[in-house]
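Novice: Pasting a structure below so you can have a look.
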Amino acid sequence: MLDDHLNEFNYEEEFYFQWHITNGCNLRCKHCYHADYLNDSVQLNQLLQIGNHLCDAAQKWGKKASFSITGGEPFTNPDNIFSLLELLESRDADKIDILTNGTLLTDSIIHKLKKYKKLRRLQLSLEGLKETNDKIRGVNSYNRTIEAIDNLKKHGLIVSIMMTVGKHNMDEVIPLAEELAKHDVDVFIIDRFIPEGQSSELTEWVLSQEEIKKVYSRAYEYFIKTLKPRFLLYRTLFCLLNPDDPHIGAICSVGNNALTIMPNGDVLPCRRLPIKIGNLFETTLYDIWYMSPFLWEIRNPEKLKGKCNHCEYIPICRGCRAVAYALQGDYLAGDPQCWKEK
Amino acid sequence: MKKFLLNKQVRLKHDDANDKFYAFCVETGDHFTLNKTGYFILNHLKEEKNLNEIVTLLLEEMIVDKQAVLTDTIHFLELSEKNGIIASKNS
C-alpha cells in the first residue's frame, strides 16, 4: 500500500486549474476532445494577466494553486510557456504540470525546464502499445513519445503518462504499464474515453459498465502490487473497488475545487464538460465561481439523478459529470458507466 | 439622513439547497455568510434606503422589538460598510 506522502489527492487544500493556453497542435489524434486546432491564443500579456488573476483567486480562497498547463500543444510557443512558468513560480503556485505530446521537446527546452522548482512533472500521452497508439496518435508517435520520455528522464525530470481507455485499447493498460516501467516512467494515469470534439463519432469506443469495472480492477491490482510506475487512481468510480482505501477514487471536482481555462479566456467546469460558464476577459473568476447557476446546480448532490441520486458514495465520487453529459446529454444524470447495483 | 446602497460589485446569493445566504464581491473575491435578516436588508439595498426605511421594512416582515431592530440594524450597516458590501452617502 502507498505511504501517505504519495497520496496526491488534496481536495480540501487545493484549487486546480487546467489551463489550455493554445488550441494549436502539431498532431491530429483521433480521440482528441478539441473540436478544432485554430491557434486563437491570446497575447502573452493577456496570459500573464489571467495567470495573476488565477493565483490571486486561489490565495483569496486560502487554497494552494495547482496548474496543468496544456493546449493544443503548449510547446508550439515555448516562449509563452517559459514566461508563464516564471510568473507562476514568482506567485508561489503550489505545483505545475505541463501536459504535452512531447514531440517538440528539444534538449534546449528540457534543459531550461529543469530550473523550475514548482514544475512537478511533464505529462505525455500514450494510448497503448505501438500499433494501437500509432493508429490513434499518428505514425511513429509511439517511438517519438518513448524518445521524449527517455530524454526527460535522462535530465532527471518527473514524467507521467496518460492513457485514455476505451474498447479499442482496454487490454493494453497493464502491458503499457509494464513497458513504461522499463523506461522509468514515474506515474501512469488512466482515464475513461469520452466521445467529444474530434472523437464525438467514436461512440463504439465507449466502455460498458462491466468493461470499465474490469479495467479498473486490473489497474487496482497492479497499483497494489507495484509502485513502478505509480498508478494514479484519483478518479470517480474507483472508490467502488475499495471504499476504505483513501489512495483511490476521487470526488468529481466540478463545482468543488477545479476549473478549466480555454485559450480565448472561456471558463469551463471541466475540459471534458464543454459548457461555457464565463469568460475571463468579460468578468472575474470570482463572479463565475460565486454566481454561475450551473455551478450552484451541480454542487447540489440532491440534483443528481439515476444511480448517483442518493448513492452512499456521493461524498467520495458523484460519478463523472462529463461522461453523463456526453452519453446521456444531461450532466446531472447518473454515471452511465457505473457498475454499482442501486 | 444617511442613505445606504449595495456596492455595485457585490452579488447576493441564496443557496436554496442548504438554505444559506451569501454576499460576494466579484471584484475582490471577498465573501460573507449572512443570516436571513442580513440577506433581507442587503437585498432591499439594491435601491438606496435610509435607516428608517430599512427598519420599517423589517418591522413589516417580522414581529420584533423596534429598539432591538434599530440597534441591530445600525450595527449590521456599520459592519457591511466597513467590509465594502454597502456604501453610504448623506442625502
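The values are calculated or read from the model by the stated rules, or taken from the named source; none is laboratory data. All values derive from a computational prediction rather than experimental measurement. Cβ atoms come from the backbone with ideal geometry, glycine included; neighbour counts cover every protein chain shown.
Novice: Please find, within region B:1-36, the residue that is surrounded by the most Cβ atoms within 10 Å (Cβ to Cβ) out of those that are more than 10 Å from chain A (Cβ to nearest Cβ) and of a type in the set (S, T, N, Q).
Specialist: Among them, the one singled out is B:ASN7.
Novice: Do we have any residue at all in region A:284-291 that's under 23 Å from B:LYS13 (Cβ atoms) and away from chain B (no Cβ under 11 Å)?
Specialist: No, there is no match, as no residue in region A:284-291 is under 23 Å from B:LYS13 (Cβ atoms) and away from chain B (no Cβ under 11 Å).
Novice: Show the residue pairs that are 6+ apart or on different chains and have beta-carbon atoms under 8 Å apart, the first residue being within region A:275-300 and touching a residue at least 24 places away in the same chain (Cβ under 8 Å), the second being of a type in the set (D, E, K, R) and assigned to a helix (DSSP H, G or I).
Specialist: A:TYR286/A:LYS60; A:GLU297/A:LYS303; A:ILE298/A:ARG321
Novice: Of all residues being without any contact (Cβ under 8 Å) to a residue 40 or more places away in the chain and of a type outside the set (Val, Ile, Thr) in region A:259-274, which is surrounded by the most Cβ atoms within 10 Å (Cβ to Cβ)? Just the residue, please.
Specialist: A:LEU268
Novice: Residues to consider are A:LYS115, A:LYS135, A:LYS167; find the one that is surrounded by fewer than 20 Cβ atoms within 10 Å (Cβ to Cβ), more than 22 Å from A:LEU227 (Cα to Cα) and under 21 Å from the mean Cα position of the chain (by Cα).
Specialist: Just one listed residue meets the conditions, A:LYS167.
Novice: Let me ask something else about it. Among the residues that make up region A:197-217, is at least one of them among the charged types (D, E, K, R), in contact (Cβ under 8 Å) with a residue 40 or more places away in the chain, under 20 Å from A:LYS340 (Cβ atoms) and in contact with a Ser or Thr (Cβ under 7 Å, 6 or more places away or on another chain)?
Specialist: No - not one qualifying residue is present in region A:197-217.
Novice: When region A:126-142 is examined, which residues are found to be in contact (Cβ under 8 Å) with a residue 60 or more places away in the chain and among the polar types (S, T, N, Q)?
Specialist: Hit for region A:126-142 is A:SER141, nothing else.
Novice: In this structure, does B:LYS89 turn out to be among the basic types (Lys, Arg) and at pLDDT below 95?
Specialist: Criteria met by B:LYS89.
Novice: State all residues of region B:15-55 that are of a type in the set (Ser, Thr, Tyr) and over 14 Å from the mean Cα position of the chain (by Cα); if no residue qualifies, say none.
Specialist: Listed by number, the list holds a single entry, B:THR28.
Novice: How many residues, within region A:292-323, are within 11 Å of chain B (Cβ to nearest Cβ), of a type in the set (Lys, Arg) and within 23 Å of the chain's Cα centre (by Cα)?
Specialist: Of the residues in that region, 1 qualify.
Novice: For the condition at pLDDT 95 or above, within 17 Å of the chain's Cα centre (by Cα) and either among the polar types (S, T, N, Q) or at positive phi (or both), what is the one hit in A:SER83, A:SER90, A:SER66?
Specialist: Only one candidate passes the filter, namely A:SER66.
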